[in-house]
Every structure is written in structure tokens, then in C-alpha cells.
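Below: one structure, written as C-alpha cells.
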Amino acid sequence: MMTQLRKTLNKITAFLSCLIMGVMTILVTWQVITRFVLNSPSTITEALAKYLFLWLVMIASAYVIGKRDHMNLQLVLHKLNPINQIRFGIASEVIIFLFVLCVLVYGGGYIAVNAMSQMDSALPVPVGVVYLALPAGGILAAIYCLCNLTDFIKLYKQEKEEGVHHD
């Protein structure tokens, strides 16, 4: 079940990341044209590109967490035996999970809700909509953490069984 969930999330995050990047490319290209060719910069495209960048970062960082390509201590990790590597992986996933729940989901959600009454000067969109990227990315990262934890728990059980059979 978690494998299928991960595959589905990977497809969604990859699609959204590519879509946002494509739209940002168009917006920034238009911004350059309006600024340097037409000598009349577009504040809307500048603000929209900036907000889309925030969404891109949150979605892509959740994807990186899901791939376990985030920053970790490989030097320390390789010195551990396989069972301790798995324990370390479980501990790191729990820490990341708690972080994204507390900071991104709870804190980001709080900021987004409080900013819904504020309007952006360049776009007719509440600022809270922009800040929704924080809890959205946090929820996505939390789901990926649960997938990673499930993988580590399976590995832990396998390693324990193999260790019992080797004794």
C-alpha cells in the first residue's frame, strides 16, 4: 500500500514541480521582456513567480524527503552496522516527521490562516493562499516520512530475522 502511495505521490509531485517550473519560466521570460524591451516591468508576473517559487520549493523538498536524498550524515552512517543504520534511519525519519508536523503543518497553517485577511498589493489574492504552501508541503513531507518509516520497519524486521537465523 505504501509503495503504491509513494509512486502516486512521486507522479503528482513531479508533475506539479514541472508545471510550476514551466509557468515560472514563462513568467520570468515575460518579466525580462517587459522590463528591458518594453521598459515597463510587470509587477504581477514578478509577484506570481516569487509565490510559485515558494510552492515549488515546498513540493520539491517533500519529494526529496520521500527519496531520502536530503542531507544526512553519510560519514557516520557508514560506520554503523546494518541494524544501527536502520535504527538511525528510523530516528531521523521520526525527527523529520515531528519537525514537519510542528513547524510546517501547524506553524505554517497558523500563519496561512492569519494571513487570509491580508491582500497582496500586486495580486488580487490573499497572502494566506501563498502561505498555504507551508502546510501543504508539510503534509506531503509527513506522508513521505510515513512511507520511509514503513520501509525502515520492514528492513528492521528482515534484519532481525536474518540475525536470528545466523546465530
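The values are calculated or read from the model by the stated rules, or taken from the named source; none is laboratory data. Here the structure is a predicted model, which is why all the values come from computation and not from measurement. Please note: Cβ atoms are built from the backbone with ideal geometry, for glycine as well, and neighbour counts cover all protein chains shown. Surface accessibility is based on the protein's heavy atoms, side chains included, excluding ligands, DNA and RNA. Shrake-Rupley method; radii C 1.70, N 1.55, O 1.52, S 1.80 Å.
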Accessible solvent surface per residue of region 106-167, calculated while the other protein chains remain in place, 1.4 angstrom probe, Å²:
59
Taking the convex hull of Cα positions in region 39-99, its mean projected area over all directions (nm²):
6.2
Roughly speaking, to the nearest percent, how much of the chain's 1.4 Å accessible area is carbon and sulfur?
72
Can you work out the FRET efficiency for the pair VAL32 and VAL129, with r the C-beta to C-beta distance and R0 = 22 Å, to the nearest 0.05?
0.30
Please work out whether region 73-139 counts as rounded, prolate or oblate from its C-alpha gyration tensor, where a ≥ b ≥ c are the square roots of the eigenvalues and a/c under 1.5 means rounded, while otherwise a/b larger than b/c means prolate and anything else oblate?
prolate
In the chain, if the dipole is taken from +1 on Lys/Arg beta carbons and -1 on Asp/Glu beta carbons about the Cα centre, which of ILE143, MET21, LEU48 is farthest to the positive end?
MET21
Segment ILE83-MET1, length gained on full extension (0.36 nm per residue, minus Cα span)
27.1 nm
Wrap a convex hull around the Cα atoms of region 36-167, take a quarter of its surface area, and give that in square nanometres.
11.0
So what's the Cα pair-distance distribution over region 1-90, bin width 5 Å, in %?
3, 12, 15, 14, 12, 12, 10, 8, 6, 4, 3, 1, 0
Which of the helices in the chain, when you take each full DSSP H run, stretch at least 24 Å along the axis at their Cα atoms and have an average Kyte-Doolittle score of 0.5 or higher?
2-32, 43-67, 82-99
When only Cα pairs under 8 Å and 6 or more residues apart are kept, what is the percent relative contact order across region 47-167?
38
